[in-house]
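Input: a single structure, listed below in structure tokens.
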Amino acid sequence: MRGTVIVTGGAGFIGSHLCERFLREGFRVIAMDSLLTGSLDNIAHLFEMEGFKFIKYDVTNFIYVKEDIDIILHFACPASPADYLKHPIHTMKVDSIGTLNTLGLAKAKKARYLLASTSEVYGDPEVHPQPESYWGRVNPIGPRSVYDEAKRFAEAMAMAYHREHGIDVRIARIFNTYGPRMRLDDGRVIPNFITQALRGEPLTVYGDGSQTRSFCYIDDLVEGIYRLATYDGLNGEVLNLGNPEEYSVIELARIIIDLLKSSSSVVYKPLPQDDPRRRRPDITKAMKLLNWRPITPLLEGLTRTVEYFRRRGKEGGK
Ligand code: UDP
């Protein structure tokens, strides 16, 4: 065994893929999840793998683990706007108190710490594409602030532990990511559009659909996180991880309708407050430090995601 990793949010979309990857690489993995937005379905297949342990736990409570821990990956947090708007206070607690508790654990265990941060720290950006050096433009009292400001606080807290206690901290600013194990009903654009297109319902485009996002397939993101977590010499680094290929939301709707040969039309709905106009990562730093870049074309990633959604839909899953 190469060491023990804790993945908070281990039953979530990204967390469950990370558990799988670290197990495959020969690590022991302890997944913690409150199951607020995560699901045991995502990790059911891991229970029979050697070295895997699941603890149903809300990391806003004091965390005690007996084992030695080498790496902590703090991924617990509702990440879909629909989810964090539904759970605003819990979102803030898991990014503040949950981050404090997991950093405290990292200090006690002398473990490396990787924080799952987000492109939302840039808010509705005036700089495009967004490099790590950009400080962002966030509305501190808008509805999205429960996520944006909490993640900004989490970054500040992680850096404080790094500076004051010498914890080996790494911060991943994760841009829009998609793939199997997203919840069909999680409310984000790709699950919504695929579900709607499969049912022949109209795709709900918010605003005029000219706002942009850049979508990274889950396997590419996991590769980036794995490198950021395991490479030496990245102490105190913050890195954007995402795919710099940018699409408008209306383009994405057309791509999904075409891919599924769907009869769906498009309906326009109001743009949510503070919805960022443009988003695209500058990944120069990750390319240099991790020798990483996304390799999965959008159509290929979408095809794999559609397969998963079809299967889940037939099983009656969410
Ligand atoms: N969006 C949309 N229709 C939907 C869901 C989302 O037009 O059914 C838009 C949303 O307004 C945003 C973009 O798609 O501009 C991405 O939204 P998502 O919820 O996936 O994540 P975000 O990038 O905003 O965190």
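The values are calculated or read from the model by the stated rules, or taken from the named source; none is laboratory data. All figures in this text were calculated on a predicted structure; none of them were measured in a lab. Counting neighbours? That spans all protein chains shown, and the Cβs are built from the backbone with ideal geometry, glycine included. Keep in mind that these areas ignore ligands, DNA and RNA; they rest on the heavy atoms of the full protein, side chains included. Shrake-Rupley method; radii C 1.70, N 1.55, O 1.52, S 1.80 Å.
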**Study point:** Filtered residues of segment 164-182 (kept if in contact (Cβ under 8 Å) with a residue 40 or more places away in the chain, open to solvent by 20 Å² or more (accessible area, probe 1.4 Å) and more than 12 Å from the ligand (Cβ to nearest atom))
**Key:** H165, D168, R173, P180, R181
Revision key, fill the gap. When (1) among the charged types (D, E, K, R); (2) under 30 Å from R112 (Cα atoms); (3) surrounded by fewer than 19 Cβ atoms within 10 Å (Cβ to Cβ) are applied to R280, the one that fails is (3)
**Study point:** Number of positions in segment 255-277 that are surrounded by 14 or more Cβ atoms within 10 Å (Cβ to Cβ) and either modelled with pLDDT under 95 or more than 10 Å from the ligand (Cβ to nearest atom) (or both)
**Key:** 7
Exercise for review: Only one of these is among the acidic types (D, E), away from the ligand (no atom under 16 Å from the Cβ) and surrounded by 16 or more Cβ atoms within 10 Å (Cβ to Cβ): E155, E126, E149. Name it.
Suggested key: E155
**Study point:** Count of segment 191-208 residues which are crowded, with 20+ Cβ neighbours inside 10 Å, more than 18 Å from D83 (Cβ to Cβ) and of a type outside the set (A, V, I, L, M, F, W, C)
**Key:** 1
Practice item. Filter segment 183-203 down to the residues that are among the aliphatic types (A, V, I, L, M) and more than 8 Å from the ligand (Cβ to nearest atom), then identify the one that is farthest from T303 (Cα to Cα). Key: L184
Check your understanding: Y206 fails exactly one of the following numbered conditions: (1) within 30 Å of R311 (Cα to Cα); (2) more than 9 Å from the ligand (Cβ to nearest atom). What is the number of that condition?
Key -> (2)
Review point. Just checking, how many residues over segment 260-314 are basic (K, R), part of a loop (DSSP other than H, G, I, E, B) and over 30 Å from Y231 (Cα atoms)?
Key: 3
Review point. Do you know which residues across segment 75-123 are hydrophobic (A, V, I, L, M, F, W, C), buried (at least 22 other Cβ atoms within 10 Å of the Cβ), within 15 Å of the ligand (Cβ to nearest atom) and within 17 Å of M182 (Cβ to Cβ)?
Key: C77, A79, A116
**Study point:** segment 73-88 residues that are within 23 Å of L105 (Cβ to Cβ), paired with ones that are part of a loop (DSSP other than H, G, I, E, B) and at pLDDT below 95 (beta carbon under 9 Å, 6 or more apart)
**Key:** A79/D186
Revision key, fill the gap. Residue hits (segment 26-62; of a type in the set (G, A, S), assigned to a loop (DSSP other than H, G, I, E, B) and under 20 Å from the mean Cα position of the chain (by Cα)) are S34, G38, S39
Study note, to complete from the structure: Inside segment 228-254, the number of residues satisfying the requirement of being away from the ligand (no atom under 13 Å from the Cβ) and either assigned to a strand (DSSP E or B) or open to solvent by 30 Å² or more (accessible area, probe 1.4 Å) (or both) is 12
Review point. Which of the residues that make up segment 146-190 are among the small types (G, A, S) and assigned to a helix (DSSP H, G or I)?
Key: A150, A154, A156, A158, A160
Revision key, fill the gap. Conditions (1) modelled with pLDDT of 95 or more; (2) part of a loop (DSSP other than H, G, I, E, B) -> V5 fails only (2)
